[in-house]
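Below: the structure, in structure tokens.
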Amino acid sequence: MPPRSDFEEMWRDLAPVGRSAASGGYFRQPWASAESELRAWFVSECESRGLTVETDGIGNQVAWWEPACPLVEEGAQRPPRAHGVLTGSHLDSVPDGGAYDGPLGVVSALAAIDLLRERGFEPIRPLGVSVFVEEEGSRFGRACLGSRLVTGATTWDQARELRDRDGVFLGDAVDEAGLDPTQGLLSLDRVGTFVELHVEQGRDLVDRDVAVGLASEIWPHGRWRFDFAGQANHAGTTRMEDRHDPMLTYAMTALAANKQARLAGQRATFGRIAVEPNGTNAVPSLVTAWLDARGPSDDALAEMVGVIAKQADERAGRDGTSLVVTPESVSRSVAFDADLAARLAGLGDWPVIPTQAGHDAGILSDAGIPTAMVFVRNPTGVSHSPDEHAETADCLAGVEALADVLAELARP
Ligand code: HGY
Ligand code: MN
Ligand code: MN
Ligand code: MN
């Protein structure tokens, strides 16, 4: 098998597929037409390497490079079950997101396999490349939905009732994408270790002036739905003192959240805001907003969100509005396997740094699979934006590092 095309050619092939027709930015919406093109892109890249792709009932994908002479331990009849090494990331994005968050991990995994083959590497453990769907939770609001379903952290019965902003049920969206959930989900039985390469979403590596790093932990983070209800009314004839305006309660809550996050050295962001009725000359009756909050420990995060919700409730009391807060997809802190991180960091003397971004790697780690993350320098640290970027030289350094990590994990 001749070495496949290089990283840059794959990157050029992928970009137009991921670019959304509407916004021109990167919005790869799970279970929409563009995403089936992404699934087809992944299949073609794998098959051109002689790797057979398995696509599960909701669109998660995995392709394995099977060893010619598999590792069979002393006295055993067959290789141990969980002895495969899996690497990969996601191809979906936030609305108008960046090109690197997700796709860099998938393209680098394929390029790392090319590189290992060029080096004449022969795996004695299966080496897999994976793509999990709906990692961003941009469509159905549940982050890492694909990997949560595969590990059982979320069940299909819980997930199928999720609805997107157009009211489409997840079950229907999956059907419309031509997928069949009854055929089951990817099995991780053979996965001994998982490694996700990702563009850094922050400035730690650029501040250290290094191209590659490993992850020590993922901050706890989550999403809380805030429903502010008031009284719809006329924007002109209703005196200010007679209003019960949920937009005011929301605005004061957003202010309070920003203040609390600054005071606590944490993160708090309101997004995905829906206003009903969303007119210019009507006081709305309902404002729904999702709080994305993140902190250095589970307790600190819970305490900050508690203060924000309490202050929001007090504000609602003053505004004559009401508030319901619903926690959604809260992820506890993830501490990656420290010995594994130290062993892999030693391969290139790479720093081991925390991240405040959630990843499928966190979900697999929570499921008990030894997991590591390789970060590639982001010169500005900007992410979840078309300005997200990584220099090609750093991306290629990431591919080299990932190849070294996979070789280290795949040896006896
Ligand atoms: O939102 C996150 O933390 C990640 O980028 N999915
Ligand atoms: Mn090509
Ligand atoms: Mn992201
Ligand atoms: Mn990501």
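The values are calculated or read from the model by the stated rules, or taken from the named source; none is laboratory data. Keep in mind the model is a prediction, meaning the values are calculated, not measured. FYI the Cβ positions are ideal-geometry reconstructions off the backbone, even for glycines, and counts take in every protein chain you see. These area figures cover heavy atoms from the full protein model, side chains too; ligands, DNA and RNA do not enter into them. Shrake-Rupley method; radii C 1.70, N 1.55, O 1.52, S 1.80 Å.
Beta bridges from DSSP with both residues in the chain: antiparallel share about 70 percent, rounded to the nearest 5. Per residue of the chain, the DSSP helices (runs of n ≥ 4 H) give a summed -39500 (n - 2.57) that works out to -10500 deg cm²/dmol at 222 nm.
For the chain, the longest principal axis of the alpha carbon atoms and the long axis of helix 103-118 meet at an angle near 10°. The fraction of accessible area contributed by carbon and sulfur in region 71-224 is 43 percent, rounded to a whole number (1.4 Å probe; ligands and nucleic acids excluded).
A Cβ-based charge dipole, computed about the Cα centre of the chain with Lys and Arg at +1 and Asp and Glu at -1, lands at about 780 debye.
The share of alpha-carbon pairs in the chain lying farther apart than 41 Å comes to 18%. Between the exposed loop cleavage positions of the chain, defined as GluC sites (Glu not before Pro) in a non-H, G, I, E, B DSSP state with at most 16 neighbouring beta-carbon atoms within 10 angstrom, the longest gap is 162-390.
Normalised by the number of residues in the chain, the mean separation of alpha-carbon contacts (under 8 Å, six or more apart) gives a relative contact order of 22 percent. Per residue, the chain exposes 42 Å² of solvent-accessible protein surface, assessed with a 1.4 angstrom probe and all protein chains in place. The long axis of helix 33-47 is offset from the longest Cα principal axis of the chain by roughly 10 degrees. Under 5 Å between amide hydrogens, built in the peptide plane, is the criterion, and for A372 it picks out F194, V195, E196 among residues at least 5 positions away or on other chains. The longest stretch of the chain left intact once loop-based trypsin sites (Lys or Arg not before Pro) with at most 12 other Cβ atoms within 10 Å are removed from consideration, loops following DSSP, is 240-412.
Put the Cα centre of region 253-299 next to the Cα centre of region 169-224 and the gap is 25 Å. Under a 10 Å cutoff between Cα atoms, tell me which one of A357, A372, A235 has the largest fluctuation in the Gaussian network model of the chain. Sorting by GNM fluctuation, first place goes to A235.
Taking the Cβ of A390 as the centre, find all other residues whose Cβ is under 9 Å away and add up their charges (Lys, Arg: +1; Asp, Glu: -1). Spelling it out: positives minus negatives among the neighbours equals -3. Using Cα atoms only, what is the angle between the long axis of helix 392-410 and the major principal axis of the chain, expressed in degrees (0 to 90) to the nearest 10? Tilt relative to the chain: about 60 degrees.
Which of rounded, prolate, oblate describes region 110-269, given a ≥ b ≥ c as roots of the alpha-carbon gyration tensor eigenvalues and a/c under 1.5 marking rounded, otherwise prolate only if a/b is larger than b/c? Verdict is oblate for region 110-269.
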